[in-house]
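Structure first, then comments.
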Amino acid sequence: MAAEGSPTEAESHHEHSSMRNALAETASPRQAPMRATGKLRVSALVTILAFCAALPFISPPDTFEFTIVLAVGLAGLGVALLLEAGLISFGHALFYGMGGYTVAALAPVFPRFGILLLLFGGGVGAIVAAIAGLFIVRYRGVFFAMLNLAISMVAYSVLLKSYAISGGSDGMVVQVQGLVGQALGPGAFGRALFYVCLGSVIVLGVLLQCYRRSPAGWGLGAIEDREIRIEYLGVSANRLLLQAYVISGFLGGFGGAVAASAVGHVAPDDFFWTTSTVLVVVAVLGGRGVVGPFLGAALYELLSIAAARYLSNSWEILLGAVILLVIRFAREGFAGLPDTWRAASLQWRRQ
Amino acid sequence: MKAAPALEAEHLFLSFGGVQAVRDVSLTVATGEVLAIIGQNGAGKSTFLNMCTGYLRPERGAIRIAGCSIVGLKPRAIARLGVARAFQHPQIFPQRCVIDHLRFASAAARPGFWNPFRPLNSPQSAQDVLQLLAFFALDKLADQPVRGIPEGARKLLDVAMALALEPKLILLDEPTSGVSSAEKLGLMTRLVHALRARGVSAIFVEHDMDVVARFADRVAVWVEGAIFRVGSPEDVLSDPEVKEHVL
Amino acid sequence: MKRISWLTAGVTLALLLGPSMGHAQEAKPKALKIAIVTFFSGSGAVVGGPTVDSAKLAIEGINKSGGIDGVPIEAQYVDESGGSTKQVAEFRSLAGHVDAILGYASSADCLAVEPVAEELHLLTFFSDCDGDALFKGQANEWVFHTIPSDATNALAMALYVAKMYPHAKTIAGINPDYAFGRDEWKYFTLAMQKLEPGVKLGTALFPALFSGQYTSELSRLQGERPDLILSSTWGGDVVALIQQGVAQSAFGQSLFALTAGTEGGIEAMKAVPDGVLFGAEHGYLMHPGKIGNPEIAEFVAAYHDRTHEYPVSPYPFTIQRAIFALVAGYQAAIKANGGHWPSASDVAHSLVGVHVTTMLGSFEIRSDHVAAVPEMDGVSVHSSTYPFAVFNKIIEFPASMIMAPVGQSEESFIAGMTPAVLANVPTPREYEP
Amino acid sequence: MLDQLVSATIDGLTSGATLFLVAVGLSLIFGVLRVLNVAHGSFYAIGAFMAAVVWSLLGAAGLPSLLIYPGLVVIAIAVGIVIGPIIERCLLHWSFSVEPQSRREVIQLLATYAIFLILEDGQKLVFGTQPYYSGGALGLLGTTRIAGILHTNYQLLLIPLSGIVLLLLRLFLSKTRSGRCLIAVAEDAEVSATMGVRVTRMQTFSFTLGAVLAALGGALASPAIGVTIGIGADMVVLSFAVVAIAGLGQIEGTAVASILIGVAHSLTVFFLPILDTVSPYLIMLLVLLVRPMGLFGMQRQRSI
């Protein structure tokens, strides 16, 4: 609304002052604790990041696992982004696998430029998402989930069949030896990859947070709430989704590329529907927001390692039980636990 | 050259499963005009609005917005032509807070909407959003998620979102239902004032004849899917036949 | 905030100090720790049960007789399912805690784990993964294959067919659509063309692995009537193929050659009719010529006590081959080390050329780290001794006949074959109950 | 050529028959509960395992084989009746009240995935890891030669059997009171609750019925397939494809889609083997591209 939009000078002035008063009255008591929790969150985040940065020194053999947690977390972040619009991608393994196979295919060309390969992996994920997204974003609910599933399964079957090119079920060995032109030994490469990945996570996390706070990012949540109203505001919900889908494809591809570089091997299993469910589990376990999926990935990794170690014969039971408990009692996921607890304690006190 | 009217509808027909919901409706809204539509429930008023916003497609007839035919266009495209709509049942986003609704609507009307690095809370629209909040007395609820606010406030928010689009034509489906009668007149006064100040044309469906008499330039009376009378509020509302059919 | 930082610092400190404490190493460990990796879940789970049961029996036996120079073996069992990423993660996390890792059935997992084993200098024995792609890389230092390439398995079957069924002139295939199935078809047909010039190749079908439905495939081949149908299905798949083939009378019409048929376990051997050609994937304990051997008889009895099953599949034996290779490597290294406990690298060096003694005879580990083991092929026959079919007319192909010499690819080895080689094939051994 | 076409079609019909039983259960559960049941494949697997066990037990006890066939049906019903209500009541029911709907869908997909994981391991603990063999049940009824190819009578019988199940299901839904209540709940749970339908009971009932159908599919398939750990995971994706092609909640449509997928698979085996595994997903993609709600699905008009 420009100047002529205000009813009269006097009214507009009155409105402004009352607005300010209103803000002064209502906002301060409400925002003070919010700001405090915000600060707490930021400091917690910084502590976690510092802790992560120190991990390769604290526990060198686990550098690999941390890298995988970050990689899966990145791909899970892509799934979580679509979850904000209320859509479950049951086939995000497509992008994850695409990223990995891109690295496998291009590693012989740029064996020492791992960073380039990671970006290519993300780029291919984004391109595939842009193409598939053109028609996938027209679907909602279970249809969206199942179309994603179908596409990833087609990719899976094609890879199995193209035995001569992709090695079929054997997959391909990925030989990335350096990240920025220098050949590195295996141990040094693992560490370097971890730091590059951690840096990418921070950069991508910040960029994604920007996006989530932009009108288009906010619109995703509005799609979940009431899609039709978005259309009446002159905005295409499908286009909002397409943008998010491409971003989430990039994240999936990037995550897959990191994992492939770290593992040194890709296989069609990366495309199988169970890989997709892992990404969904990671996104939901973690909860909304940019940090959630990484917590989810860490939790999932921890769980599967512990289960494999102590329950080698029935780790799926443990995993299943934990998923059920989390979605039952901590519906907002791991990252939402403080809020869930606060709400629960409030209710308890009221009673 | 004379500018095309804000809305022209010519010989519209639409039926649902054998029931004629709209029969040969023709209606024109001049630029800057505020037109009220009255009629009993089921008279086809909302159906007409739905056709004008692209939700339903007329079987026959033409609709032009500022001279541009919109039959077959999607709601989104029509909104882009400057037609905003508020709903009888507020169409808002239950999990989001009040102020963000207006920020979003305001961003939707501006270039740069797709820039992922421009915050929703951009300084360009902040002032307008605050004005709108205050205008509809929603400022105290600004940070509340809308699922918790009273029905009347939801209704206002719905209208406010339509207004935030800075439309050329606004279609309001019972804008004051759900608003307490004490606030009704005050709200309409300011709303219509704002519309006139900006030269926005408007159609509003209304059941309160006081409101109609006071704010409409013209009134269209609907009976069983067709327009029964069109004219100035004084003429139409005093017509005994209208009284019989509508009141 | 402060509290969080202190907490972090504390945790950090604890983690920093943790691994360095109690790190003193003895010359001779209390136990030799190994991890055995095999499938416990998913469709590959058919491998896991027999592998673990047999490994436990073998390790109990070794420990009872004093372990390796007095050091007992302590094994932990790890699930192989979950894909190569999970396996690499498991491998890396095991690396700090065990002296050797044995097992793996999936070639994809082996391909993924191999470079990691080399990177971490961890003794690793692949007991069941035999994808030909695994045998094409450069020489390893730490990784040993106690099973040779799947090409040897296919070649043995081709030699068996060419020797025993020279009238089989048209060949079709139903092989699972993954590396193993593709390899088996490729090498079998390549060998057949060399051994029986003039053989005709019919339709090669590749249904999905674990599809368990072969009705359409069998119908199609019924119309084609090939002399021989090669199938490398295994696990539940081979059981399904046999059931459906029997019901559709496919077995009466064409000769079937199941290169991995024993991997269907006891149920496959129960269901199969007489006269079906079987490969044993380099491990067949119900061998008519050797079942009388007291060591095998004792093992079969012990295995039956524990599992109420007979060890018909190769897994009970393939894992033992890896375990005994490890033991032999340690013993040779101890000998070379003047009786002192060797380092892992000593063991790796001693393993080359070592002769490993197992129930089914001894074998050598070649300089390319691949075990030179024989393959057994036979024809199914039901007898009164067991409630399932065993091998009749069994031929044991010596390793030298089916394995390419060190440095040569299996493909060029087979390509260089002539029908003359059939003269050297040992005579089959009839089954005697 | 014609012979091949005929036998491909027959093979497609037989595999489509069991697929239909599983998929129609999935579709029913979705229709009434709005839950896409990932654990559905496990019901199929458990039915198959139980049937295989019953075969070997009864066969060993010397029961005449022809009496064992009805046992397959009984065991499937028993499996569904035991596990269906337990899972629905204890593990799934709480999720029906989650709001908003899209959140609920996510949570239910995950919940059924978790149940799938638990049941997968459960099967392993109960039935072991070795494949089962149903003692020749497939061949006992003999074979019939059609267009030069032998088909087992057992598998041929599955075609009319599935037809009967379809018919019974349709009769039940349209003629009985419970059936009509079920449809009412599928149309609109809230409205039917106000009309006196016991929605909760109907939900449990339809979940159980769906489980029975899946278990029946498994039990009837067991003589032909290799019953082993992991058969459920493949089946569930395949029946997803069927249900998506048919349109969610469409019973006759599910039958058509099952036949479509079965026949397409056997046709590809005969004429274009390179596409055999991809064909269900390709069909699903193509159908959803042209008809977003599936072949027989209907668009629900959103009201504003």
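Looking at this structure, is C:D99 surrounded by fewer than 21 Cβ atoms within 10 Å (Cβ to Cβ), modelled with pLDDT of 85 or more, within 27 Å of C:W234 (Cβ to Cβ) and acidic (D, E)? For C:D99, the condition - surrounded by fewer than 21 Cβ atoms within 10 Å (Cβ to Cβ), modelled with pLDDT of 85 or more, within 27 Å of C:W234 (Cβ to Cβ) and acidic (D, E) - is not met.
All of (1) of a type outside the set (D, E, K, R); (2) in contact (Cβ under 8 Å) with a residue 12 or more places away in the chain; (3) open to solvent by 10 Å² or more (accessible area, probe 1.4 Å); (4) out of contact with any Pro (no Cβ under 6 Å at 6 or more places or on another chain) hold for B:P111 with one exception: (2). If you go through the range B:129-170 and keep only what is more than 10 Å from chain A (Cβ to nearest Cβ), open to solvent by less than 10 Å² (accessible area, probe 1.4 Å) and assigned to a helix (DSSP H, G or I), you end up with B:K155, B:L157, B:V159, B:A160.
Is there a residue being under 17 Å from the mean Cα position of the chain (by Cα), away from chain D (no Cβ under 14 Å) and more than 26 Å from A:F272 (Cα to Cα) anywhere in the range C:90-107? So that I can check it myself, show each step before the final result.
Filtering the range C:90-107 down to residues under 17 Å from the mean Cα position of the chain (by Cα) leaves C:101-107.
Pick out the ones that are also away from chain D (no Cβ under 14 Å) and you get C:101-104, C:107.
Within this subset, residues satisfying the condition of being more than 26 Å from A:F272 (Cα to Cα) are C:101-102.
Within the range C:90-107, one or more residues are under 17 Å from the mean Cα position of the chain (by Cα), away from chain D (no Cβ under 14 Å) and more than 26 Å from A:F272 (Cα to Cα).
In the set A:A75, A:A104, A:A130, only one residue is at negative phi, part of a helix (DSSP H, G or I), open to solvent by 20 Å² or more (accessible area, probe 1.4 Å) and away from chain D (no Cβ under 11 Å); that residue is A:A130. Of all the numbered requirements in (1) out of contact with any Phe, Trp or Tyr (no Cβ under 8 Å at 6 or more places or on another chain); (2) surrounded by fewer than 19 Cβ atoms within 10 Å (Cβ to Cβ); (3) facing chain A (nearest Cβ under 9 Å), B:S180 misses one, and that requirement is (3). With the condition kept exactly as written, say whether any residue in the range C:161-184 is surrounded by fewer than 24 Cβ atoms within 10 Å (Cβ to Cβ), out of contact with any helix residue (DSSP H, G or I) (no Cβ under 7 Å at 6 or more places or on another chain) and of a type in the set (K, R). Scanning the range C:161-184 turns up at least one residue that is surrounded by fewer than 24 Cβ atoms within 10 Å (Cβ to Cβ), out of contact with any helix residue (DSSP H, G or I) (no Cβ under 7 Å at 6 or more places or on another chain) and of a type in the set (K, R). Counting the residues of the range C:255-310 that are more than 14 Å from chain D (Cβ to nearest Cβ) and assigned to a loop (DSSP other than H, G, I, E, B) gives 18. Just one of (1) more than 8 Å from every other protein chain (Cβ to nearest Cβ); (2) open to solvent by 50 Å² or more (accessible area, probe 1.4 Å); (3) out of contact with any strand residue (DSSP E or B) (no Cβ under 9 Å at 6 or more places or on another chain) fails for B:L81. It is (3). Every condition in (1) modelled with pLDDT of 90 or more; (2) within 14 Å of chain C (Cβ to nearest Cβ) is met by D:I164 except one, and the failing one is (2).
The criterion of at least 2 residues that are of a type in the set (K, R) is met by the following helices (runs of 4 or more DSSP H) wholly inside the range B:20-116: B:75-80. Scanning the range C:208-227 for residues that are under 25 Å from the mean Cα position of the chain (by Cα) and of a type in the set (A, V, I, L, M, F, W, C) turns up C:A208, C:L209, C:F210.
When only residues in the range C:218-251 that are over 19 Å from C:G264 (Cα atoms) and assigned to a helix (DSSP H, G or I) count, which is most open to solvent (accessible area, probe 1.4 Å)?
Of the range C:218-251, the ones over 19 Å from C:G264 (Cα atoms) are C:219-228, C:248-249.
Pick out the ones that are also assigned to a helix (DSSP H, G or I) and you get C:219-224.
Details: C:S219: 1, C:R220: 38, C:L221: 3, C:Q222: 7, C:G223: 54, C:E224: 70 Å².
The extreme case among them is C:E224.
Filtering the range D:7-16 to residues that are facing chain C (nearest Cβ under 10 Å) and either touching a Gly at 6+ places or on another chain (Cβ under 9 Å) or open to solvent by 70 Å² or more (accessible area, probe 1.4 Å) (or both) leaves D:S7, D:D11, D:G12, D:T14, D:S15.
Within the range C:60-74, track down each residue that is touching a residue at least 12 places away in the same chain (Cβ under 8 Å) and surrounded by 13 or more Cβ atoms within 10 Å (Cβ to Cβ). Before the answer, list the steps.
We begin by selecting, within the range C:60-74, every residue touching a residue at least 12 places away in the same chain (Cβ under 8 Å); these are C:62, C:67-74.
Residues satisfying the conditions are C:I62, C:G67, C:I68, C:D69, C:V71, C:P72, C:I73, C:E74.
Just so you know, in the range B:227-242 the residues that are without any contact (Cβ under 8 Å) to a residue 60 or more places away in the chain and out of contact with any helix residue (DSSP H, G or I) (no Cβ under 8 Å at 6 or more places or on another chain) include one that is surrounded by the fewest Cβ atoms within 10 Å (Cβ to Cβ), and it is B:P240. Scan the range D:241-261 and tell me whether some residue there is within 30 Å of D:I149 (Cβ to Cβ) and part of a loop (DSSP other than H, G, I, E, B). No. Scanning the range D:185-211 for residues that are more than 18 Å from the chain's Cα centre (by Cα) and open to solvent by 30 Å² or more (accessible area, probe 1.4 Å) turns up D:E187, D:D188, D:A189, D:E190, D:V191, D:A193, D:T194, D:M195, D:G196, D:R198, D:T200, D:R201.
In the range D:247-265 there is at least one residue matching the filter, namely being within 14 Å of chain C (Cβ to nearest Cβ), touching a Ser or Thr at 6+ places or on another chain (Cβ under 8 Å) and more than 30 Å from D:W55 (Cβ to Cβ).
Go through the range C:212-224 and count every residue that is within 19 Å of C:F180 (Cα to Cα) and facing chain D (nearest Cβ under 7 Å). Working first, answer last.
Step one: list which residues in the range C:212-224 are within 19 Å of C:F180 (Cα to Cα), which gives C:212-214, C:217.
Checking the rest, the ones that are also facing chain D (nearest Cβ under 7 Å) come to C:212-213, C:217.
The number of residues fulfilling the criteria is 3.
C:V113 satisfies every condition listed in (1) under 23 Å from A:L70 (Cβ atoms); (2) open to solvent by 10 Å² or more (accessible area, probe 1.4 Å) except (2).
This table checks each residue for (1) crowded, with 24+ Cβ neighbours inside 10 Å; (2) modelled with pLDDT under 90; (3) β-branched (V, I, T); (4) within 27 Å of D:L33 (Cα to Cα).
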{"site": "D:L213", "(1), (2), (3), (4)": "yes, no, no, yes"}
{"site": "D:A221", "(1), (2), (3), (4)": "yes, no, no, yes"}
{"site": "D:A233", "(1), (2), (3), (4)": "no, yes, no, yes"}
{"site": "D:T254", "(1), (2), (3), (4)": "yes, no, yes, yes"}
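Scanning the range D:107-157 for residues that are in contact with a Gly (Cβ under 9 Å, 6 or more places away or on another chain), more than 14 Å from chain A (Cβ to nearest Cβ), part of a helix (DSSP H, G or I) and open to solvent by 20 Å² or more (accessible area, probe 1.4 Å) yields a single hit, D:N153.
For the range B:117-134: of the residues being modelled with pLDDT of 85 or more and touching a Pro at 6+ places or on another chain (Cβ under 9 Å), which is nearest to A:A237 (Cα to Cα)? Step through it out loud before you land on a result.
Of all residues in the range B:117-134, those modelled with pLDDT of 85 or more come to B:117-121, B:126-134.
Still in the running and touching a Pro at 6+ places or on another chain (Cβ under 9 Å): B:118-120.
Working: B:R118: 19, B:P119: 19, B:L120: 17 Å.
For the range B:117-134, the residue satisfying everything is B:L120.
When B:F48 is tested against (1) touching a Lys or Arg at 6+ places or on another chain (Cβ under 9 Å); (2) open to solvent by less than 20 Å² (accessible area, probe 1.4 Å), only condition (1) is not met.
Listed residues D:A61, D:A76, D:A51; which is more than 10 Å from every other protein chain (Cβ to nearest Cβ) and open to solvent by 30 Å² or more (accessible area, probe 1.4 Å)?
Details: D:A76 fails: open to solvent by 30 Å² or more (accessible area, probe 1.4 Å); D:A51 fails: open to solvent by 30 Å² or more (accessible area, probe 1.4 Å).
That would be D:A61, the only listed residue that is more than 10 Å from every other protein chain (Cβ to nearest Cβ) and open to solvent by 30 Å² or more (accessible area, probe 1.4 Å).
Condition first: assigned to a helix (DSSP H, G or I), out of contact with any Pro (no Cβ under 6 Å at 6 or more places or on another chain), of a type in the set (V, I, T) and open to solvent by less than 10 Å² (accessible area, probe 1.4 Å). Can you find one or more residues in the range A:115-123 that meet it? Reasoning before the result, please.
Quick first cut of the range A:115-123, residues assigned to a helix (DSSP H, G or I) only: A:115-123.
If we keep only those that are out of contact with any Pro (no Cβ under 6 Å at 6 or more places or on another chain) too, we end up with A:115-123.
If we keep only those that are of a type in the set (V, I, T) as well, we get A:115.
Of the ones still in play, those that are also open to solvent by less than 10 Å² (accessible area, probe 1.4 Å) are none.
No, that holds for no residue.
For the range D:215-237, give me each residue that is farther than 21 Å from D:L125 by Cα and not β-branched (V, I, T). Those that are farther than 21 Å from D:L125 by Cα and not β-branched (V, I, T): D:L216, D:G217, D:L220, D:A221, D:P223, D:A224.
The values are calculated or read from the model by the stated rules, or taken from the named source; none is laboratory data. As the structure is a prediction and not an experimental result, all values here were calculated from the model. Every residue, glycine among them, receives a Cβ derived from its backbone with ideal geometry; neighbour counts consider all protein chains shown. Ligands, DNA and RNA are excluded from the accessible area calculation, which covers all protein heavy atoms including side chains. Shrake-Rupley method; radii C 1.70, N 1.55, O 1.52, S 1.80 Å.
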